[in-house]
There are 2 protein chains.
Amino acid sequence: MQQNRRKFLSNAALTVAAAGAASLPVQAAQTPAKAGFIHHVYFWLKNPESKEDKAKLLEGLRTLSKVKTIQNFYIGQPADTNRDVIDRSYAVSWLLFFANKADQDSYQVDPVHLDFVKNYSHLWQRVVVYDSVDV
Amino acid sequence: MQQNRRKFLSNAALTVAAAGAASLPVQAAQTPAKAGFIHHVYFWLKNPESKEDKAKLLEGLRTLSKVKTIQNFYIGQPADTNRDVIDRSYAVSWLLFFANKADQDSYQVDPVHLDFVKNYSHLWQRVVVYDSVDV
């Protein structure tokens, strides 16, 4: 079913989708989900081989996830894919969904975010950020 | 409420969340949503100033979105943010969620995807892909 194929991946939404699928509106396949503001950060560690440093960064990101304006977040690592166009040199992917730019701006100066930078930025050598909004 | 802050952004999920919020399980803020497989592609156009070429690429992506294994997709463009770490030189962001790597692999060879490459790849000069899976 369309609505199941398009369902959200959180436990909460899965539960609801399973319970209420019969009454869900069908979302057309060619209609993209509205994202608001997508903030995708890729981290390269100073010590790429250090499992401890990676674990510390993950710990920091889990703390950072408590910022109230974050609607959803996904912590990732490179998948097992390898083509010329794929950059799999990063260590950690940090994908955030915000309702709008104002919420993302607020996140940037949130004390939790400032603490995260203070406490964990020594771990990374490089960060690349892609911010995007609905077309 | 937690479950509302963490809700999915699709119309379908919003409808369900609104209808069933009272009975939703609370998702802890520090528990990231499970993504399965995230495929994020950034496109740079050969003619970055051409609104026509951008519109054509968007048309192609909407067609591409019909691939059955895609769980959710977001078509974006650079947000109005500008810091040293932000790359805002791309034209279009194409963010896909798959259940797993097998579904993404199947997408790569799907006839709809092969047609997309055949019909629209003349529009871009560069593509960068970041594939990530849950940590």
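The values are calculated or read from the model by the stated rules, or taken from the named source; none is laboratory data. Fair warning: this is a prediction, and the values are worked out from it, not measured in the lab. Counting neighbours? That spans all protein chains shown, and the Cβs are built from the backbone with ideal geometry, glycine included. Remember, those area values only see protein heavy atoms, side chains included, never the ligands or the DNA or RNA. Shrake-Rupley method; radii C 1.70, N 1.55, O 1.52, S 1.80 Å.
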Which residues, taken from segment A:37-63, are in contact with a strand residue (DSSP E or B) (Cβ under 8 Å, 6 or more places away or on another chain) and without any contact (Cβ under 8 Å) to a residue 60 or more places away in the chain? A:K54, A:L58, A:L61, A:R62
Reported set for segment A:16-64 where residues are part of a loop (DSSP other than H, G, I, E, B) and modelled with pLDDT of 60 or more is A:P32, A:A33, A:K34, A:A35, A:G36, A:K46, A:N47, A:P48, A:E49, A:S50
Matching residues in segment B:56-99 - criterion: being more than 9 Å from chain A (Cβ to nearest Cβ) and crowded, with 17+ Cβ neighbours inside 10 Å: B:L57, B:G60, B:L64, B:A91, B:W94, B:L96, B:F98
Taking the condition of being of a type in the set (D, E) and open to solvent by 60 Å² or more (accessible area, probe 1.4 Å), how many residues in segment B:106-124 meet it? 1
Odd one out for B:R62, checked against (1) farther than 30 Å from A:A55 by Cβ; (2) in contact with an Asp or Glu (Cβ under 9 Å, 6 or more places away or on another chain): (2)
Count, please, the residues in segment A:92-111 that happen to be over 24 Å from A:K34 (Cβ atoms) and out of contact with any helix residue (DSSP H, G or I) (no Cβ under 6 Å at 6 or more places or on another chain). 2
